[in-house]
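First up is the structure itself, then whatever we jot down about it.
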Amino acid sequence: MRTPRTAGRAALLASVTALATSLAVSPAGAGASALPAVTPTSETAALYDDEAGGNSDADDPAIWRNPADPGRSLVVATAKEGGLRVYDLDARPVQSLPAPKPPTPDDAPGRYNNVDLVTGLRTPAGRTDVAVVSDRGNDRLRIYRIDPARRGGPLTDITDPASAPVFSADQAEINDQRTAYGLATWTDRATGRSYALVSRRERTRLALLELVPAANGRVGYRKVRTLDLPSSFRLPDGTTWTPCGEPGELPQVEGMAVDPATGTLYAGQEDIGIWRLRADLTGRPVLVDRTREYGVPGRYDEESEECVPGADPGYGGKRLSADVEGLTLYQEPDGDGYLLASSQGDNTFALYDREVGEGNEYEGGFRIGSASDTLDGVEECDGAAVLNAPLGRRYPRGLLVVQDGHETPGVADGEGGTRTATGFKFVDLGELTDATGM
């Protein structure tokens, strides 16, 4: 889910994060380094964001539970221009689906950003499970039916070809890439209707899209409403603050998750923090927690194309280092559970109480460290998915899958450097719950 940054913005965030992390104190009285650590059990083969690797860049996973045979459940994950990947529970590849080609050579190519699942989507042919993907390159959603018995691979594209762009008016606007970005699905328990909530790249806008099955077996969508989160903020000293970025770029949202029991959407505004709001995009959003960088001024220098940081006024939070990414919900049968958020700037994960009535209280955090020289830990995590359900003998207590933004050991690029490599790590949820007390 990470987006390219200017060197200056990266430097600003890094310097502020380093300072804030050194000052931050956890409930146990120690810094982020004292958080409990778990190790991955396996990882997918590395994806390479270069021509030889098909411009593939790991981003966001989702876990599909096979109700007939949980041990044969699947992980569906995005690879940006590399399209969509499907893995088994041993992190082995099952299927690879390409992103759509550009309409013309001068247009933006398909680019799969985020993925989420809908279980039992109502269609004229009956209920079916689907994977919904945000195609940032084309500003559209893509919908895939999941059928583990299908020859050739479990996923089939059933997107209605008549589906319109989510945010853009025409192809020229699509090519500017202020397009569909973050994504979470939601089924309204009162009506049975299913939706996708989609954010817009470099903007604060969220859109609620209803998934609309067609008679021909395809699935499209229609826009219900939109909501704009704030782009500037009133600080306690009376000043107004907007995070530093390239001219015209607003603080975007990417990581999102919906609590199906309450219809509550959690949205990570990358430089700001985590918002809580109604999944139908009505009502007033509430800022649950802030990043450490919240309120830190920055001046964009046109000549150097860098952000020059100012003094930290101390209005930021203590648990999240920008960017806020990878929101996912750990659900317990009795209604308890946790919201997990990737604190990308310090390579940790934060846990918040699922109970809205208790203000989504912070409950601790964890890190994912190296299991061996070849099975490394997790850095700069973009996307995450957790499933608290038995998944056969391999994961009897459930599974956490996270994107690793810096896959190691590196591979030489033939020019004296190292190829940019990303991937996905699989973590035994039982080990995580034992380590954190979840």
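The values are calculated or read from the model by the stated rules, or taken from the named source; none is laboratory data. Keep in mind that this is a model prediction, so the values were computed, not measured. As a convention, Cβ positions derive from the backbone with ideal geometry for all residues, glycine included, and neighbour counts pool all protein chains shown. Heavy atoms of the whole protein, side chains included, go into the accessibility calculation; ligands, DNA and RNA do not. Shrake-Rupley method; radii C 1.70, N 1.55, O 1.52, S 1.80 Å.
Both numbers refer to the Cα atoms of region 125-230; Rg and Dmax are 14.3, 47 Å. Using the rule -39500 (n - 2.57) for each DSSP H run of four or more residues, divided by the residues of the chain, the 222 nm mean residue ellipticity is -2000 deg cm²/dmol. Using a 4.7 Å Cβ-Cβ cutoff, the cysteines of the chain lacking any partner cysteine are Cys381.
Relative to its Kirkwood radius, the Cα radius of gyration of region 255-313 gives an Rg/Rh of 1.17.
Taking Lys101 as the anchor, which lysines have their alpha carbon closer than 28 Å to its alpha carbon, excluding any fewer than eight residues away along the same chain? Reachable lysines: Lys80, Lys223. Its residues counted as N, region 105-167 yields a C-alpha radius of gyration over 2.2 N^0.38 Å of 1.22. Looking at (1) 21.9; (2) 23.4; (3) 22.8, which value of Kirkwood radius over Cα pairs in Å comes from a calculation on the structure shown? Among (1) 21.9; (2) 23.4; (3) 22.8, the one derived from this structure is (1).
For region 196-338, the fraction of alpha-carbon pairs lying more than 22 Å apart is 47 percent, rounded to a whole number.
In a simple Cβ point-charge model (Lys, Arg +1; Asp, Glu -1; nothing else charged), the chain has a dipole of about 1740 debye relative to its Cα centre. Could you compute the FRET efficiency for Val212 and Ala311, with r as their C-beta to C-beta distance and R0 at 51 Å, rounded to 0.05? The calculated FRET efficiency here is 0.50. Projecting label points 7 angstrom from Cα along Cα→Cβ for Asp88 and Asp413 puts them 3.5 nm apart. What would the Debye equation give as log₁₀ I(q)/I(0) for region 75-191 at q = 0.11, 0.13, 0.15 Å⁻¹, counting only Cα atoms as equal point scatterers? The calculated log intensity ratios at q = 0.11, 0.13, 0.15 Å⁻¹ are -0.38, -0.53, -0.69. If you sort Lys80, Lys101, Lys318 by accessible surface, 1.4 Å probe, largest first, the order is Lys101, Lys318, Lys80. Protection proxy ranking of 302-309, 325-332, 397-404, by the mean of other Cβ atoms within 10 Å over each peptide's residues and highest first, is 397-404, 325-332, 302-309. From the alpha carbon centroid of region 80-159 to that of region 313-362 is 28 Å. Relative to the 2.2 N^0.38 Å rule of thumb, region 147-197 has a C-alpha radius of gyration ratio of 1.57. When all alpha carbon pairs of region 319-438 are counted in 5 Å bins from zero, the resulting P(r) reads 2, 11, 19, 22, 19, 12, 7, 4, 2, 1, 0, 0 %.
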